[in-house]
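Participant: What follows is a single structure, and I will ask about it in a moment.
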Amino acid sequence: MLIKEFCAENLTDLASLTTPDITRVELCDNLAVGGTTPSYGVIKEAARYLHEKDISLATMIRPRGGNFVYNDLELRVMEEDILQAVELESDSLVLGLLTADNQLDTEAIEQLLPATQGLPLVFHMAFDLIPEDQQKAAMDQLIDYGFVRILLHGSAERRDIFDNVGHIKELVEHAAGRIEIMIGGGVTADNCHQLASLTGTNIVHGTKIV
């Protein structure tokens, strides 16, 4: 069965959702910059609304747009946002942390892990910025840290996701069920089944999958 995760920028988007078409929502703000952390009130009301419909909530933790290289102050902000998202009954947390040379920022991940309190963790599309020949090793690291899912498009350069299906399929095969691979960026209600079949994953993500 295809698992659809809807990407919602605000509470208004949630009214159109019907189960069982959508089983999970990624909640963020500022989609124009790729998504940032939503406000306290938005998380609280979204959690209440979605849980009444048996839809799980994945909350984006990202203090700003731009790159995914964060300084100590930004990491403290993320830590506070994580604690808040946990308190407000988010079901999972979505974050991405890289070094200046586009490697996993393992120090930052380790700093934030205690605040997550065991909540399932998703690494978002920052993963696409890691050099492709190093992504399998990065995936193994994320598995070791306890991440349960990676959201990816398959390339930071190739905009059409159909150009990336070969690489995504390789990553799905490498994951071998140890971590979920969720595809996004150009995935729609019209093409999601085809893309799932081509890549070997059954989890799709986007703003246009309903």
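Participant: Only residues that are in contact with a strand residue (DSSP E or B) (Cβ under 6 Å, 6 or more places away or on another chain) and farther than 17 Å from Arg149 by Cα: list them for region 1-13, please.
Facilitator: Ala8
Participant: Being open to solvent by 20 Å² or more (accessible area, probe 1.4 Å) and more than 15 Å from Gly166 (Cα to Cα) is the filter here; which residues of region 199-210 pass it?
Facilitator: Asn202, Thr207, Lys208, Val210
Participant: Of (1) in contact with a helix residue (DSSP H, G or I) (Cβ under 8 Å, 6 or more places away or on another chain); (2) at pLDDT below 95, Lys208 satisfies all except one. Which?
Facilitator: (1)
Participant: Which of the residues that make up region 173-184 are within 16 Å of the chain's Cα centre (by Cα) and open to solvent by 30 Å² or more (accessible area, probe 1.4 Å)?
Facilitator: Glu180
Participant: Filter region 36-65 for residues that are surrounded by fewer than 22 Cβ atoms within 10 Å (Cβ to Cβ) and touching a Gly at 6+ places or on another chain (Cβ under 9 Å); which is farthest from Lys208 (Cα to Cα)?
Facilitator: Per the stated criteria, the residue is Gly65.
Participant: Please find, among Thr207, Thr116, Thr201, Thr106, the residue that is in contact (Cβ under 8 Å) with a residue 40 or more places away in the chain and among the hydroxyl-bearing types (Ser, Thr, Tyr).
Facilitator: Thr207
Participant: Still on this structure, I have one more. Name the single residue, out of those in region 66-95 being β-branched (Val, Ile, Thr) and open to solvent by less than 40 Å² (accessible area, probe 1.4 Å), that is nearest to Lys4 (Cα to Cα). Break it down into steps so the answer makes sense when it comes.
Facilitator: Step one: of region 66-95, the residues β-branched (Val, Ile, Thr) are 69, 77, 82, 86, 94.
From the residues that got through so far, the ones that are open to solvent by less than 40 Å² (accessible area, probe 1.4 Å) too are 82, 86, 94.
Numbers: Ile82: 24, Val86: 23, Val94: 16 Å.
The residue in question is Val94.
Participant: Give me the pairs: first residue in region 152-169 and without any contact (Cβ under 8 Å) to a residue 40 or more places away in the chain and farther than 12 Å from Gly186 by Cα, second residue among the aliphatic types (A, V, I, L, M) and part of a loop (DSSP other than H, G, I, E, B), beta-carbon distance under 8 Å, and six or more apart or on different chains, which are they?
Facilitator: Pairs found: none.
Participant: Taking into account only those residues within region 39-58 that are assigned to a loop (DSSP other than H, G, I, E, B) and touching a residue at least 24 places away in the same chain (Cβ under 8 Å), which is nearest to Val187 (Cα to Cα)?
Facilitator: Quick first cut of region 39-58, residues assigned to a loop (DSSP other than H, G, I, E, B) only: 39, 53-55.
Adding the requirement that they be touching a residue at least 24 places away in the same chain (Cβ under 8 Å) leaves 53-55.
Values: Lys53: 24, Asp54: 23, Ile55: 20 Å.
Selected residue: Ile55.
Participant: I would also like to ask the following. From Ala126, Ala196, which residue is part of a helix (DSSP H, G or I) and surrounded by 20 or more Cβ atoms within 10 Å (Cβ to Cβ)? Let's see the steps before the verdict.
Facilitator: Numbers: Ala196 fails: surrounded by 20 or more Cβ atoms within 10 Å (Cβ to Cβ).
From the options Ala126, Ala196, the qualifying one is Ala126.
Participant: Within region 1-12, restricting attention to residues that are open to solvent by 40 Å² or more (accessible area, probe 1.4 Å) and in contact (Cβ under 8 Å) with a residue 24 or more places away in the chain, which residue is nearest to Leu95 (Cα to Cα)?
Facilitator: This residue is Glu9.
Participant: Here is a check on your reading of the model: is Ala189 over 20 Å from Ser92 (Cα atoms), open to solvent by 30 Å² or more (accessible area, probe 1.4 Å), without any contact (Cβ under 8 Å) to a residue 24 or more places away in the chain and of a type in the set (A, V, I, L, M)? Step through it out loud before you land on a result.
Facilitator: Values: over 20 Å from Ser92 (Cα atoms): yes; open to solvent by 30 Å² or more (accessible area, probe 1.4 Å): yes; without any contact (Cβ under 8 Å) to a residue 24 or more places away in the chain: yes; of a type in the set (A, V, I, L, M): yes.
So Ala189 fits the description; yes.
The values are calculated or read from the model by the stated rules, or taken from the named source; none is laboratory data. Predicted model, so just to flag it, every value in this text is computed and none were measured. So basically every Cβ, Gly included, is an ideal-geometry build from the backbone, and we count neighbours across all protein chains shown. For accessibility, only protein heavy atoms count, side chains too; no ligands or nucleic acids. Shrake-Rupley method; radii C 1.70, N 1.55, O 1.52, S 1.80 Å.
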